[in-house]
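Here's the structure, in structure tokens; my notes come after.
The values are calculated or read from the model by the stated rules, or taken from the named source; none is laboratory data. Owing to the predicted nature of the structure, the values given are computational and were not obtained by experimental measurement. Virtual Cβ from ideal backbone geometry, glycine too; neighbours counted across all protein chains shown.
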Amino acid sequence: MQEKLNKIHQLNYINNMFNILAEITGNLNVVAAVLTVPIGIALIGYKACESVGRNPEAATKVLVQSIIAMAFAEAVVFFAIFLGGFAG
């Protein structure tokens, strides 16, 4: 009888772990986007500053292109949040 109870407790524990993992993986795409997009934006800014340092006359063109690229990178987070909310 005790063995059956232990087996039942083990199965309940495993079932709870699967439920927790399902909750975590449901928002995994949002977490990945939120963690990686700022890195991408920082790289865009770094390279924009580097290119303006090499060619100061092109500062306006570089600024416009880098702002557009940062906006597109930031849009990835919003897509992940909205689509992640509908999927889960």
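The set of residues in the stretch 1-42 being at pLDDT 70 or above and touching a helix residue (DSSP H, G or I) at 6+ places or on another chain (Cβ under 8 Å) consists of N27, N29, V30, A32, A33, V34, V37, G40, I41. So in the stretch 28-47, with the set limited to residues that are touching a residue at least 40 places away in the same chain (Cβ under 8 Å) and small (G, A, S), which one is nearest to A75 (Cα to Cα)? Ranking the qualifying residues of the stretch 28-47, first place goes to A33.
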